[in-house]
Structures are given as structure tokens and as C-alpha cells.
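Values in this text are rule-based calculations from the coordinates and carry no lab data. This one's a predicted model, so the numbers in the text were calculated from it and none came from an experiment. Here Cβ is always computed from backbone atoms with ideal geometry, including for glycine, and neighbour counts include all displayed protein chains.
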Ligand SMILES: Cc1cc2nc3c(=O)[nH]c(=O)nc-3n(C[C@H](O)[C@H](O)[C@H](O)COP(=O)(O)O)c2cc1C
């Protein structure tokens with residue numbers, strides 16, 4: 001059964017909600033073995049989790065957008081992954097990513113773009129959202145992909161929202177769809 005991991009950081013619990021939505025979407029696809037791996041407050045993963053990552057067929061990266069990029073904890077994880085880069089241990093795994101921040105824009109794309117660069121350095125294969133944006137006059141804030149991202153899944157948590165209130169429901173639904181998208185891509189890449 002193809003193995004998919006979501007590895008993410010969340011400082012205050014909002015990005016964790018998005019990670020859970022992506023995980024629920026991926027887990028709803030039959031034939032996927034899914035692991036949800038959270039970086040701790042120091043950007044650390046257990047040795048066991050690192051070994052699990054090495055055995056994955058796909059890895060989805062997730063981080064809040066802080067100051068226009070991934071959190072330092074995620075960057076620490078990425079820098080530590082250089083030990084895998086030397087031997088191209090993650091080569092040909094599928095890769096994808098998501099981020100969440102307070103502003104509608106908030107420079108989230110910079111975070112996704114960093115994930116893409118990280119994946120390319122590892123020789124991974126990037127899967128985008130595969131979703132058209134909801135951007136007509138009739139569009140509603142909680143439509144799927146109202147934020148209009150192709151590079152990955154993005155979400156907005158208003159700055160005064162608790163993790164129970166943000167990310168907004170449509171963005172969580174978008175994350176769920178995104179999980180389905182990546183899981184199906186993995187099944188095509190690794191037919192059962
Ligand atoms: C240090 C820091 C930097 C931030 N920078 C941005 C930013 O560049 N753009 C933005 O829209 N929101 C920014 N925010 C808001 C967070 O992205 C937002 O609160 C997010 O929901 C936090 O996710 P988390 O609870 O998973 O940590 C920043 C928050 C912090 C604490």
C-alpha cells in the first residue's frame with residue numbers, strides 16, 4: 001500500500017487544523033497508508049519519524065506563514081533533511097504542500113514556493129492543487145479554493161481567531177480536497 005506522510009509545524013494550532021483536514025481527505029482515499037507527523041516546538045522529529053519519512057512514497061509539507069516564509073521550526077526540519085539530500089534518499093517521492101496565515105494574501109505563496117524548492121532539491125515530484133479558483137462575482141468566501149492557489153493548499157485564519165474558528169471552513173474543505181488530490185496522485189504513481 002503506498003505510504004503518504006504529512007509533516008508540519010504549527011505554532012498556535014491553526015495550521016494543525018489544516019493538517020488534520022488534509023489528512024482526513026487523504027485518509028478517505030482507499031488504499032493509502034497515512035502518517036501525520038508534527039514537528040515539536042523546537043522543530044524536532046523523533047528518530048523513528050525520520051525513518052518513517054525515508055520509507056514514504058509521498059510527503060506533504062505544511063507550515064504557517066511567518067514573516068513571509070515557513071516558520072523557523074519548519075526550516076530547521078528542512079535543513080536537517082540535508083542529511084537525506086546527500087544520498088538523494090527522497091528522490092522520486094511525490095511532494096506537495098500547504099500553508100495557513102492571517103491575511104488573505106499574507107505572502108503565503110512564498111512559503112509554498114520554498115516547499116517547491118525544497119522538494120526539487122530532493123529530486124521529488126511536485127503535486128499542485130489541481131483546483132480552479134472560485135473568483136467570479138457569485139463566489140462565496142467558503143467556496144473551495146476561494147483563495148485561488150494552484151501551487152498547494154492555502155488557508156486563512158483571521159488574526160483574532162482561535163484554532164476552533166480558523167482556518168475558515170471553506171479553506172478547511174479545500175485542504176480536505178487537496179488531501180484527496182495528493183492521495184489519488186500517489187495511487188497513480190504507485191498503483192496498488
Ligand atoms: C512570527 C509571526 C509571523 C507572522 N507572519 C505572517 C505573515 O507573514 N503573513 C500573514 O498573513 N500572517 C502572519 N502571521 C500570522 C500567522 O500566520 C497566523 O496567526 C497563523 O494562523 C498561525 O498559525 P499557527 O497557529 O499554526 O502557528 C504571523 C504570525 C507570527 C506569530
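Here are some notes:
- Helices (runs of 4 or more DSSP H) lying entirely in the range 1-110 (those with 2 or more residues that are under 26 Å from residue 165 (Cβ atoms) and more than 11 Å from the ligand (Cβ to nearest atom)): 14-27
- Pair list, Cβ under 7 Å, 6 or more apart: the range 100-113 residue in contact (Cβ under 8 Å) with a residue 12 or more places away in the chain and under 17 Å from residue 175 (Cα atoms), other residue assigned to a loop (DSSP other than H, G, I, E, B) and within 9 Å of the ligand (Cβ to nearest atom): 100/157; 100/167; 102/157; 102/158; 102/159
- Taken together, the residues in the range 72-105 that are surrounded by 20 or more Cβ atoms within 10 Å (Cβ to Cβ) and farther than 16 Å from residue 37 by Cα amount to 5.
- Residue that is surrounded by the fewest Cβ atoms within 10 Å (Cβ to Cβ), among those in the range 119-160 that are in contact (Cβ under 8 Å) with a residue 60 or more places away in the chain and in a strand (DSSP E or B): 125
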